[in-house]
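So the structure is just underneath, and the comments pick up after that.
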Amino acid sequence: MSEDCIFCSIVAGDIPARTVHETDDVLAFLDANPLSRGHTLVIPKGHAQHVGDLDDDLAGALFAAVTELTPRVQSAVDADAANVGINDGAAAGQEVPHVHVHIIPRFEGDGGAPLHAVGGERPDLTDEELDAVVDAIAG
Ligand code: AMP
């Protein structure tokens, strides 16, 4: 638990939330400022800011909850689809520094955008640059 973390306060029961799912490791609740009807956040109960900070067990529990909840959330609000995503770090738009997966129900013609819309200007990378990226990631 982190003292100043709003999501840790929700886990502790100090701040109310509209909980839709809870296990020993994971909590899911409605987003307070929904981007669409049914917008749900899934969080690990233990505090971690970045996805890379999660250990394998917690990452597994989190993703298991996401895979279980995504169709349930869609079905609950009769959505046609969903965007599932994480803002990982402030530069990516993360405002609450506690890992949370957004499940955002989507509806035909809702005027929204795909996850591709989150990127900035698209890079024009050479083959050499792409190879360098592969080497850097693969290690
Ligand atoms: P992000 O920009 O990915 O960090 O998203 C944080 C999300 O948390 C936003 O969609 C907020 O609407 C949501 N949020 C912030 N405070 C609360 C709260 N107390 N209960 C539910 N959702 C919250």
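The values are calculated or read from the model by the stated rules, or taken from the named source; none is laboratory data. Everything numeric in this text was worked out from a predicted model, so none of it was measured. Here the Cβ is made from the backbone with ideal geometry for all residues, glycine too, and neighbour counts use every protein chain on show. Just so you know, the surface numbers come from the protein's heavy atoms only, side chains and all, with ligands and any DNA or RNA stripped out. Shrake-Rupley method; radii C 1.70, N 1.55, O 1.52, S 1.80 Å.
Please give the length that would be gained between N87 and D131 if that part of the chain were fully extended, namely 0.36 nm times their separation in residues minus their C-alpha to C-alpha distance (nm, one decimal).
My answer for the length gained is 13.2 nm.
Using per-residue counts of other Cβ atoms within 10 Å, averaged over each peptide, order 4-11, 117-124 from highest down.
4-11, 117-124
Does anyone have the angle between helix 127-138 and the longest principal axis of the chain? Alpha-carbon axes, 0 to 90°, nearest 10?
Taking the Cα atoms of the chain, the angle to 127-138 is about 40 degrees.
Please give the per residue accessible area of the chain, computed with a probe of 1.4 Å over protein heavy atoms only, in Å².
Values: 8890 Å² over 139 residues.
Ligands and nucleic acids excluded, the figure is 64 Å² per residue.
Counting C-alpha atoms alone, how compact is the chain: give Rg to one decimal and Dmax as a whole number, in angstrom.
16.8, 52
Within the set of other residues whose C-beta is less than 12 Å from the C-beta of G46, count the net charge using Lys and Arg as +1 and Asp and Glu as -1.
-4
Can you give the angle from 0 to 90° between the axis of helix 56-77 and the longest principal axis of the chain, with both taken from C-alpha atoms, to the nearest 10?
70 degrees
So what is the relative contact order of segment 2-129, in percent, for Cα pairs below 8 Å that sit 6 or more residues apart?
Reported relative contact order: 24 percent.
Leaving out ligands, DNA and RNA, what percent of the accessible area of the chain is carbon and sulfur, probe 1.4 Å?
51 percent
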